[in-house]
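Below you'll find the structure, written out as structure tokens, and then a few comments.
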């Protein structure tokens, strides 16, 4: 074979880049609408009374979470997989017609599922379980998409040239296995068409309706084992996969410590799953499970900080790059938010803290400093790194990128600070008693007091959305306005100079 | 060992799978049967209540309202007795929620009335000044899906032995039989009887007329469900 660098085929990566951006805009826009609905309830009927059923808070809320989790984040994961996978395994998608075909089927089937989800959630067809709202027909389609994703991962691994799996691949494998296991067990349900035929009836009621296999406390336990770990294998594991690839590539620095990455990978795998119980503190779940959830949440700081510190130390001696490159800024602030969020989570999982924090906006704030600051920043950074290479064009505007960074950072800070104050204020007011031992506040007092914080949160979210639109515009202009380079841009980043 | 694993993807994947499945086995399985038993006083949902529960789910009421009273004085003062595991034995899915933008509804049937719910759903701020809850006016015109509720009853009776048409022990020593129709027509007739009781306490003339015609608007079903939460 000639001594020339491999050429990679980014067709599928590009397709998923597109959905990352579009579904990101949709999900974040709905989020901003929801935020303003809480501050100004009139926004619930923004399209008039006639459409209020479809624009009110409760109908839109699952659309927001699912669009951001399964739309934006998952597309980002797929897109980076179809980019990173080839490069670290040293094999091109073009070498296998089967894998290329699978990749395309993966994308189109994913789009079909997205369309089905949008229709069903607007119609109010939902199982009510958070991040698992889909009824059984969609669940089956999701499983098919996921199996194709798995075939793509293991297929590419099967024909690899580089025998040793790079750290990012470990995390992609874990993402595939983790979500597969969690999704299957949490969505165990019996379609009512089966139930009625067992009773000798047929054709009664909605064909897509189903009943959960688990009831009450068990259902809650399985759901939060899923819910918590969907965060693990959707918002942590694959995002760590990205940063292990993109930060060294972009900065030209080698990973600081292999041993630290080993410790944090296997530590994360073992510990994360135990921590789901912290969603159920003071519930009817047995006490020992709650305590396990608390303890393991605190232990979880170790592997989480292990990865984050490994990333920060990778920049050792090269900190001037953080000042010079907005792309490095995104990744370094992303790691920092990851550390921050994985410290905040365990604090909230301590029982006495959770007694105040649970059911309040502090939890919402925690989710968003992780998702906006860590997941969002890292996915955008990954796409910014990929764009010049997959389109063979330099990034359209570095100054737009820098402006976006600061606008979004301000947005995230406004978001989580306002939610902290809102959450703790409300948590304290709920439990306040007067001198005679009566409740000091009626529930509505604890709602109206939040108005200023809800408004600030809305502004924070809006800033983040504006930044995301700048990102979309920047990528769009990169695709269309810049001249095509003759060769794929090699190791040194076009931003680095 | 790790270097070897990193060159052998299959064994690597097996290793990851073992590491992640451990916690679920230890934490979830041991208590499974125990947690599924109902406490005395907990009865299955009637057809109309179940249809109302579907309306509750359809509109994601659980996005803003919890159904879980924690064992703190401030919560038992506000909402009533703290939740017991067995009270949820017939809840498929569970509806504990994760956020209280509005108050807990675990025992809302103890302190709110049909009349209150009717006004509240039409215009929340009219009964709770300052409320940020949106109005749910479409519930007054949409029809409740009794068919699906009945199909669900058949399913849970078949697969999970939910005791319909059987006496269920109540707290005062008596027993209660929750009826499930023998056919869909029978189930609808039973639901309509229940709906008439609710509609009697309501003021909306359109809803009253609809029930008199034999239709069941969503609002009637969801009020039946909310009243059953005790």
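Quick one: which helices (runs of 4 or more DSSP H) sit completely within segment A:301-367 and have at least 1 residues that are within 14 Å of chain B (Cβ to nearest Cβ) and in contact (Cβ under 8 Å) with a residue 60 or more places away in the chain?
A:326-349, A:351-357
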Regarding residue A:395, is this residue at pLDDT below 95, farther than 29 Å from residue B:75 by Cβ, away from chain B (no Cβ under 14 Å) and buried (at least 22 other Cβ atoms within 10 Å of the Cβ)?
yes
Just a yes or no: is a residue in segment B:110-122 within 10 Å of chain A (Cβ to nearest Cβ) and either farther than 20 Å from residue B:164 by Cβ or crowded, with 21+ Cβ neighbours inside 10 Å (or both)?
no
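Let's see how each residue does on (1) in the same structural domain as residue B:65 (by TED's automatic domain parsing); (2) over 21 Å from the mean Cα position of the chain (by Cα); (3) modelled with pLDDT of 95 or more:
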site: B:152; (1), (2), (3): yes, no, yes
site: B:175; (1), (2), (3): yes, yes, no
site: B:187; (1), (2), (3): yes, no, yes
site: B:198; (1), (2), (3): yes, no, yes
site: B:202; (1), (2), (3): yes, yes, yes
Checking the conditions here, which among B:63, B:35 is facing chain A (nearest Cβ under 8 Å), buried (at least 21 other Cβ atoms within 10 Å of the Cβ) and under 30 Å from residue B:117 (Cα atoms)?
B:63
Got at least one residue in segment B:191-207 being within 14 Å of chain A (Cβ to nearest Cβ) and under 30 Å from residue A:452 (Cβ atoms)?
no
In segment A:211-222, which residues are more than 7 Å from chain B (Cβ to nearest Cβ) and surrounded by 24 or more Cβ atoms within 10 Å (Cβ to Cβ)?
A:214
Residues of segment B:146-189 being away from every other protein chain (no Cβ under 13 Å) and in contact with a helix residue (DSSP H, G or I) (Cβ under 6 Å, 6 or more places away or on another chain), in sequence order, are B:179
Hey, any hits in segment B:174-186 for a residue that's within 21 Å of residue A:127 (Cβ to Cβ) and in a helix (DSSP H, G or I)?
no
Take segment B:38-60 and flag every residue that is more than 10 Å from every other protein chain (Cβ to nearest Cβ), at negative phi and in contact with a strand residue (DSSP E or B) (Cβ under 9 Å, 6 or more places away or on another chain).
B:40, B:43, B:44
So if I check each of A:248, A:238, which one is buried (at least 22 other Cβ atoms within 10 Å of the Cβ) and either more than 10 Å from every other protein chain (Cβ to nearest Cβ) or farther than 25 Å from residue B:86 by Cβ (or both)?
A:238
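The values are calculated or read from the model by the stated rules, or taken from the named source; none is laboratory data. What you see is a predicted model; the values in this text were computed from it and never measured. Every residue, glycine as well, gets a Cβ built from its backbone with ideal geometry; the counts of neighbours run over all protein chains shown.
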